[in-house]
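**Q** Structure provided below as structure tokens; questions to follow.
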Amino acid sequence: MTLSRVDAMMLKPRRDSFAYFAEHTDFGNMWCYSDGLKLYVRRTHAGYQDIRGDFQIANVSARKPGTGAFTAFLQRWRPKYRFYVENVCTDRFAAYLTRAGFECVDTRNRCYLDKQVPDV
């Protein structure tokens, strides 16, 4: 393998990464992987249940919960995108989202919308 091919491989996001999903608009939803996280993410379509985020996170699981993987994900992507997290199952994760600046917009289904508007 040549050095330029190695460089190109390092610069391109993996096909199963959130970066790849965010850049390729031909995907409506996808299982994504990001540094210790597995996420099922959907694109939010205009007018869909009055959701104002760019992406809906329908499922998130951490390889090692409580180690900051989701925090690192948000720090990387929140400046560019707004997220809607649906069906939060644990009180601990719900409390974290509230501390992180998300607002509970559906108490019955425990769904949270990012109050932070992206810089873009």
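**Q** For ARG108, work out the one condition from (1) in a strand (DSSP E or B); (2) farther than 26 Å from GLU23 by Cβ it doesn't fulfil.
**A** (1)
**Q** Same structure, new question: Select from the range 65-119 the residues that are hydroxyl-bearing (Ser, Thr, Tyr) and in contact with a Leu (Cβ under 9 Å, 6 or more places away or on another chain) and list them in ascending order.
**A** Within the range 65-119, TYR84, TYR112 meet the criteria.
**Q** May I pose another question? Would you mind listing the helices (runs of 4 or more DSSP H) fully within the range 15-100 where at least 2 residues are modelled with pLDDT under 95 and charged (D, E, K, R)?
**A** The helices (runs of 4 or more DSSP H) meeting that bar are 91-99.
**Q** With respect to ALA8, determine if the residue is over 20 Å from CYS89 (Cα atoms), at pLDDT 60 or above and assigned to a helix (DSSP H, G or I).
**A** Criteria not met by ALA8.
**Q** For the range 104-120, how many residues meet the condition of being over 11 Å from PHE83 (Cα atoms) and exposed (fewer than 12 other Cβ atoms within 10 Å of the Cβ)?
**A** 5
The values are calculated or read from the model by the stated rules, or taken from the named source; none is laboratory data. None of these values were measured; they are calculated from a predicted model. Quick reminder, even Gly has a Cβ in these numbers, built from the backbone with ideal geometry, and neighbours come from all protein chains shown.
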